[in-house]
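One structure below.
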Amino acid sequence: MRIAIIGAGRVGRALGNVWHKAGHEIVWNLRDPDDPKHQDLPGEKLKTVGRGLTKSDLTVLAVPWEAVEDACREVGEDFGGVLVDCTNPINAEFTGLDTKGAHSGAHYIKTLLPRARVVKAFNQTGAGNMADAYYEAGRPVSFVASNDEAASSVVRQLSEDLGFDTIVVRGLEHARELEEMAWLWISLAMKQGHGPDFAFALLRR
Ligand SMILES: NC(=O)c1ccc[n+]([C@@H]2O[C@H](COP(=O)([O-])OP(=O)(O)OC[C@H]3O[C@@H](n4cnc5c(N)ncnc54)[C@H](OP(=O)(O)O)[C@@H]3O)[C@@H](O)[C@H]2O)c1
């Protein structure tokens, strides 16, 4: 699969590196591809967000919440491909979420890119768990939420490639709970002393 990733920060890098090793083709959309910090990225590096998206099977949005308007503007409002939204709408005070009046951050992104097939995924756990999902106790869970069954199925496989026990949740309306779940993980990891080396799992009987 050819995967465009917007943003090569902690999340973009973690996802891109593992998917590259799993045999996927990665196309990075970077503001400055010549920056030495991007030297070790595997795959193609394109300048200007938006280039290369049309030739990719799906696009991953991995930018800070405050950058989503800019990034989506570059993607272009006509974009009708699969957009995997990894962002979390964390407020500037770092005290909770701010979805700018929308039902969820994913819904806000949908207002910016109305034709995009938005899938909420890879937002609920830390980038360290995306880079390495191995836990001796079992596989961490990862939820994929969308209104688009075909798109969810593709993203489900990518999540399995990362090593997650993956649950497809029907309906983008559940993106809201997934963003709250992310805030819970962040609060535990960064505010309540648990650190980043833990993950949520799903038990079945
Ligand atoms: N970190 C985590 O553990 C984690 C886990 C789950 C979800 N998330 C969410 O995932 C998103 C990315 O987080 P992160 O930790 O990967 O952030 P990060 O390490 O700060 O990286 C952000 C990336 O976005 C790029 N960027 C910033 N503004 C941009 C713009 N206007 N257009 C295009 N690219 C832009 C940056 O590029 P430059 O290098 O050019 O500045 C950088 O590569 C956030 O919404 C976050 O809430 C994070």
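The values are calculated or read from the model by the stated rules, or taken from the named source; none is laboratory data. It should be emphasised that the depicted structure is a prediction, and the values quoted were computed from it without experimental measurement. Cβ placement follows ideal geometry from the backbone for every residue including glycine, while neighbour counts extend to all protein chains displayed. Ligands, DNA and RNA are excluded from the accessible area calculation, which covers all protein heavy atoms including side chains. Shrake-Rupley method; radii C 1.70, N 1.55, O 1.52, S 1.80 Å.
For this structure, a couple of remarks:
- Spatially near lysine pairs across segment 22-154, Cα under 25 Å, sequence gap of 8 or more or different chains: 11
- Accessible area ranking (1.4 Å probe, heavy atoms, ligands and nucleic acids excluded), largest first, for 190, 181, 1: 190, 1, 181.
- Longest stretch of the chain clear of exposed loop sites (chymotrypsin sites (Phe, Trp or Tyr not before Pro), DSSP loop, at most 12 other Cβ atoms within 10 Å, sites excluded): 1-93.
- The slack in the chain from residue 100 to residue 112, taken as 0.36 nm per residue of separation less the alpha-carbon distance, amounts to 3.1 nm.
- Residue 200/residue 170 FRET efficiency (R0 30 Å; Cβ-Cβ; nearest 0.05): 0.90
- Accessible carbon and sulfur surface of the chain relative to its total accessible area, %, 1.4 Å: 49
- Paramagnetic reach from residue 187 in segment 111-153 [backbone N under 16 Å; point 7 Å along Cα→Cβ]: 124-125
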